[in-house]
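**Q** Structure provided below as structure tokens; questions to follow.
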Amino acid sequence: MLGGPGSGKGTLCSDLVRDHGFVHLSAGELLRAERDSGSPQGDLINSTILSGKIVPVDITANLLLTAMKNLGWTQKTFLIDGFPRNYDNCEGFERILGPFVNMPFMIFLECTKETMIKRISKRASESTTLRNDDNDQVLIKRFDTFHAETMPVIEKYEKEGKVQYIDANRSAPEVTQTVVNILKEHKYIQ
Ligand code: ADP
Ligand code: C5P
Ligand code: MG
């Protein structure tokens with residue numbers, strides 16, 4: 001799942017987990033958990049997050065690999081949220097996860113900047129999901145990174161015919177239903 005900051009990736013994945021039993025892995029959440037665990041990589045992860053940039057892929061891909069293994073990954077279908085997010089992520093995806101993982105398609109949540117800003121403001125006001133990058137200063141940099149680094153990833157997978165474009169400006173139930181229909185078409189949901 002890709003989409004700009006606040007486009008609704010996490011919300012969509014939670015709905016799909018709740019209703020259809022997928023396993024959700026958010027690259028951003030794995031990075032925040034690694035940072036908060038006191039890992040030696042914590043400072044690098046935190047400074048990268050605060051600069052709105054993308055963490056070197058060896059860290060992120062290995063966190064995903066470990067999480068999948070710990071969850072007992074054989075035969076499971078994972079919703080991978082926020083990865084691969086730039087060309088470095090794509091290279092590491094192939095190198096580190098490629099031998100084990102098949103990515104049939106990418107769901108891209110298309111959303112206006114105005115909507116994303118509104119949603120991030122709402123998230124920032126919810127104390128349960130407090131993040132040190134949900135502020136105006138970092139958000140500007142996250143949008144820059146999204147346009148400069150993530151959009152080329154969408155174009156790369158588009159050329160391979162793997163992108164499913166979703167209008168994510170709609171309500172969460174509408175977005176989820178559209179994606180459920182796609183997953184049904186691909187036989188990931190009966
Ligand atoms: P992302 O993971 O893409 O950054 P989230 O799923 O965390 O985005 O959503 C950001 C905020 O927007 C959250 O507060 C969430 O409740 C809200 N939200 C997500 N999807 C929608 C939607 N389709 N309509 C309205 N609000 C939404
Ligand atoms: O997806 P999420 O909004 O949780 O990502 C938060 C931050 O985590 C990103 O802005 C980026 O700094 C970092 N991240 C990353 N590489 C990824 C996913 C997230 O560096 N593949
Ligand atoms: Mg998220």
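The values are calculated or read from the model by the stated rules, or taken from the named source; none is laboratory data. Just so we're clear, the structure is a prediction, and the values are computed from it rather than from any experiment. Note that each Cβ is placed from the backbone with ideal geometry, even for glycine, and that neighbours are counted across all protein chains shown. Just so you know, the surface numbers come from the protein's heavy atoms only, side chains and all, with ligands and any DNA or RNA stripped out. Shrake-Rupley method; radii C 1.70, N 1.55, O 1.52, S 1.80 Å.
**Q** Determine the equivalent ellipsoid of region 139-190 by diagonalising the alpha-carbon gyration tensor, then write out the semi-axes as square roots of 5 times the eigenvalues, largest first, rounded to whole Å.
**A** Values: eigenvalues 127, 57, 10 Å².
Semi-axes, largest first: 25, 17, 7 Å.
**Q** For residue 184, go through the lysines and keep the ones whose alpha-carbon is under 24 Å away, minus same-chain ones fewer than eight residues off.
**A** Within the straight-line cut-off, residue 184 pairs with 9, 76, 159, 162.
**Q** Sticking with this one: Using only the Cα atoms, what convex hull volume per residue in Å³ does region 51-118 have?
**A** Values: hull volume 8.4 nm³, N = 68.
Residue-normalised Cα hull volume stands at 123 Å³.
**Q** Separate question: For n ≥ 4 DSSP H runs only, could you compute -39500 (n - 2.57) per run for the chain, divide by its residues and tell me the 222 nm figure to the nearest 500? Please list the in-between numbers first.
**A** Values: 9 runs with 97 residues, N = 190.
Helices in the chain give a 222 nm mean residue ellipticity of -15500 deg cm²/dmol.
**Q** For the chain, with all protein chains present and a 1.4 Å probe, just round the carbon and sulfur fraction of the accessible area to a whole percent. Intermediate results must be reported in sequence, preceding the final value.
**A** Values: 5130 of 9950 Å².
On the chain, the fraction of accessible area on carbon and sulfur atoms equals 51 percent.
**Q** Something else: Which aspartates and glutamates have a Cα less than 13 Å from the Cα of residue 122, not counting those fewer than 8 places away in the same chain?
**A** Result set, ordered by chain and number: 114, 134, 136.
**Q** May I pose another question? When the Karplus curve 6.51 cos²θ - 1.76 cosθ + 1.60 is applied with θ = phi - 60°, which whole-Hz ³J(HN,Hα) does each residue of region 158-167 get, with x for Gly and Pro?
**A** Residue by residue, region 158-167 yields 4, 4, 8, x, 10, 9, 9, 8, 10, 6 Hz.
**Q** Charges at C-beta only: +1 for Lys and Arg, -1 for Asp and Glu. How large is the resulting dipole of the chain about its Cα centre, in Debye rounded to 20? Walk me through the numbers before you get to the answer.
**A** Numbers: 23 positive and 25 negative charges, 59 e Å.
That gives a dipole near 280 debye.
**Q** Take the Cα atoms of region 66-170, find their three principal axes, and give me the spread along each one in whole Å, biggest first.
**A** 40, 33, 27
**Q** I'd like to check one number: the per residue accessible area of the chain, probe 1.4 Å, reported in Å² as a whole number.
**A** 52
**Q** Heavy atoms only, probe 1.4 angstrom, no DNA, RNA or ligands counted: give me 118, 69 ranked by accessible area, highest first. Mind showing how you got there, number by number?
**A** Details: 118 135, 69 115 Å².
Accessible-area ranking of 118, 69, largest first: 118, 69.
**Q** Now a separate question. For a bin width of 10 Å, list the pair-distance distribution of region 1-63 built from all Cα-Cα distances, rounded to whole %.
**A** So the P(r) values, bin by bin, are 20, 46, 29, 5.
**Q** How large is the Rg to Rh ratio of the chain when both quantities use alpha carbon positions and Rh follows Kirkwood?
**A** Working: Rg = 15.9 Å, Rh = 17.1 Å.
Rounded to two decimals, Rg over Rh is 0.93.
**Q** Around residue 24, which amide H atoms from residues at least 5 apart in sequence, or from another chain, sit under 5 Å from its own amide H, with H modelled in the peptide plane?
**A** Correct list: 79.
**Q** Could you tell me which GluC sites (Glu not before Pro) in region 141-188 are loop residues by DSSP with no more than 11 other beta carbons within 10 angstrom of their beta carbon?
**A** Numbers: sites: 149, 155, 158, 160, 174, 185; in loops: 160.
In loop regions of region 141-188 (DSSP not H, G, I, E or B), the sparsely surrounded GluC sites (Glu not before Pro) are 160.
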